[in-house]
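Chemist: If you scroll down you'll find the structure; I have some questions about it.
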There are 2 protein chains.
Amino acid sequence: MIDKSKARRSTRQRRLIVDAVKHSLNHPSASDIYATLADSGIGIATIYRQLSALVEDGEIGSVKYQGEVRYDPIIQPHAHIVCSKCDKIWDVELPKEIKNLAPTNGSFEKLDVDLTWKGVCSDCR
Amino acid sequence: MIDKSKARRSTRQRRLIVDAVKHSLNHPSASDIYATLADSGIGIATIYRQLSALVEDGEIGSVKYQGEVRYDPIIQPHAHIVCSKCDKIWDVELPKEIKNLAPTNGSFEKLDVDLTWKGVCSDCR
DNA sequence: GTTACTATCGATAATGAATATCATTATCTT
DNA sequence: AAGATAATGATATTCATTATCGATAGTAAC
């Protein structure tokens, strides 16, 4: 766990990692980013640490899929559509109506939505 | 991977595991089931194997949450609501309107929905 | 009931993602 | 420039899950 109260330093590694995620297209995992930055000599632990820190700082987003965390350059709320064959993930719009569908009977407060569509993409057929 | 074309045998282990899931309340994980059936002497590998087989056979459902698979006695399509404090998971109704909100622009077919609400339950406040 | 076939079991090694540890390095403040 | 300490990198560790393999036990045929 990273303590947000302490100043975050701007390191070469952090800059490279944000950049890699910001320019990514298909929701890379930590090891994808590690592979992308292989030349940089950044250690795997730093990749994981900084990706968590960046999510915590609200600079990038994340989605869990198939037991691993995938990162997302977009932080605005949105839904996902995943291909069950190739495991690629795309961003899709989160319908405005969705918040009207939130369950009201229970005693939860401040509900967030996690909406994912699953199917087979055109490339995989 | 388990081949469904071959006959599935009714073993003591399988019967105990289905039973444990069917009578469960809060979406147990594999190790929860293992703990529940500790007296039975069933090995952890068998727990995992049978839980996967049961999901594959459509006898029970499953949800991924917090990096682990949780099992569900209910197989009908439904949504979930999870508490981000205690990690308990409840079943909630899947709104009928949801299928009208599926993205149509892409070239996916046969879309499944995965809808989860996240918040803090009353017990945790 | 006995036999033969083989799915299933249990113990345990192996895998893969993620986190913890710790000595070293690099940033930031003064 | 110097001191304080956040961040790094190598690596050990944890945790959930899967693979391996010899032993066991359902099941169908006799």
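The values are calculated or read from the model by the stated rules, or taken from the named source; none is laboratory data. None of the values given here were measured: they were computed from a predicted structure. Here the Cβ is made from the backbone with ideal geometry for all residues, glycine too, and neighbour counts use every protein chain on show. Surface areas here come from the heavy atoms of the whole protein model, side chains and all, with no ligands, DNA or RNA. Shrake-Rupley method; radii C 1.70, N 1.55, O 1.52, S 1.80 Å.
Chemist: Going by the structure shown, is B:Glu68 open to solvent by 60 Å² or more (accessible area, probe 1.4 Å), at pLDDT below 95 and within 14 Å of DNA strand D (Cβ to nearest atom)? Write out each step before concluding.
Modeler: On the way: open to solvent by 60 Å² or more (accessible area, probe 1.4 Å): yes; at pLDDT below 95: yes; within 14 Å of DNA strand D (Cβ to nearest atom): yes.
Judged against the criteria, B:Glu68 is a match.
Chemist: Could you please find all residues in region A:111-124 being facing another protein chain (nearest Cβ under 7 Å) and open to solvent by less than 60 Å² (accessible area, probe 1.4 Å)? Please lay out each step first, then the result.
Modeler: Pass one, region A:111-124, residues facing another protein chain (nearest Cβ under 7 Å): A:111-122.
Within region A:111-124, A:Leu111, A:Val113, A:Asp114, A:Leu115, A:Thr116, A:Trp117, A:Gly119, A:Val120, A:Cys121, A:Ser122 qualify.
Chemist: Can you name the residue in region B:91-110 that is closer than 18 Å to A:Val113 by Cβ and free of Cβ contacts under 8 Å to residues at least 12 places away in the same chain and, of all such residues, is surrounded by the fewest Cβ atoms within 10 Å (Cβ to Cβ)?
Modeler: Let us first name the residues in region B:91-110 that are closer than 18 Å to A:Val113 by Cβ, namely B:91-103.
Pick out the ones that are also free of Cβ contacts under 8 Å to residues at least 12 places away in the same chain and you get B:96-97, B:100-103.
Details: B:Lys96: 8, B:Glu97: 12, B:Asn100: 10, B:Leu101: 19, B:Ala102: 17, B:Pro103: 15.
If we take residues in region B:91-110 being closer than 18 Å to A:Val113 by Cβ and free of Cβ contacts under 8 Å to residues at least 12 places away in the same chain, then B:Lys96 is surrounded by the fewest Cβ atoms within 10 Å (Cβ to Cβ).
Chemist: Only one of (1) more than 8 Å from chain B (Cβ to nearest Cβ); (2) in contact with a Pro (Cβ under 8 Å, 6 or more places away or on another chain); (3) surrounded by 12 or more Cβ atoms within 10 Å (Cβ to Cβ) is not met by A:His23, so which one is it?
Modeler: Answer for A:His23: the failing condition is (3).
Chemist: So, in region A:6-54, of the ones that are farther than 20 Å from A:Tyr65 by Cβ and of a type in the set (S, T, N, Q), which residue ends up farthest from DNA strand C (Cβ to nearest atom)?
Modeler: A:Ser40
Chemist: Let me ask something additional. Could you give every pair whose Cβ atoms fall below 6 Å, whose first residue belongs to region A:42-57 and is open to solvent by less than 40 Å² (accessible area, probe 1.4 Å), and whose second residue is aliphatic (A, V, I, L, M) and near DNA strand D (Cβ under 8 Å from one of its atoms), counting only separations of at least 6 or pairs across chains?
Modeler: That search, which allows pairs on different chains as well, returns A:Gln50/A:Ile17; A:Ala53/A:Ile2.
Chemist: Out of A:Thr116, A:Thr104, which single residue is outside the structural domain of A:Asn26 (by TED's automatic domain parsing), under 21 Å from B:Trp90 (Cα atoms), of a type in the set (Ser, Thr, Tyr) and part of a strand (DSSP E or B)?
Modeler: Working: A:Thr104 fails: part of a strand (DSSP E or B).
Of A:Thr116, A:Thr104, the one residue that is outside the structural domain of A:Asn26 (by TED's automatic domain parsing), under 21 Å from B:Trp90 (Cα atoms), of a type in the set (Ser, Thr, Tyr) and part of a strand (DSSP E or B) is A:Thr116.
Chemist: If you don't mind, another one. Identify the single condition in (1) closer than 27 Å to B:Gly106 by Cβ; (2) away from DNA strand C (no atom under 15 Å from the Cβ); (3) outside the structural domain of A:Val120 (by TED's automatic domain parsing) that A:Lys85 does not satisfy, given that it satisfies every other one.
Modeler: It fails just one condition, (3).
Chemist: Take region B:77-90 and flag every residue that is at pLDDT 90 or above and open to solvent by 50 Å² or more (accessible area, probe 1.4 Å).
Modeler: Of everything in region B:77-90, those that are at pLDDT 90 or above and open to solvent by 50 Å² or more (accessible area, probe 1.4 Å) turn out to be B:Pro77, B:Trp90.
Chemist: Answer yes or no as to whether B:Tyr34 is hydroxyl-bearing (Ser, Thr, Tyr), assigned to a helix (DSSP H, G or I), free of Cβ contacts under 8 Å to residues at least 40 places away in the same chain and within 14 Å of chain A (Cβ to nearest Cβ). Give the derivation first.
Modeler: Numbers: hydroxyl-bearing (Ser, Thr, Tyr): yes; assigned to a helix (DSSP H, G or I): yes; free of Cβ contacts under 8 Å to residues at least 40 places away in the same chain: yes; within 14 Å of chain A (Cβ to nearest Cβ): no.
No: the conditions fail for B:Tyr34.
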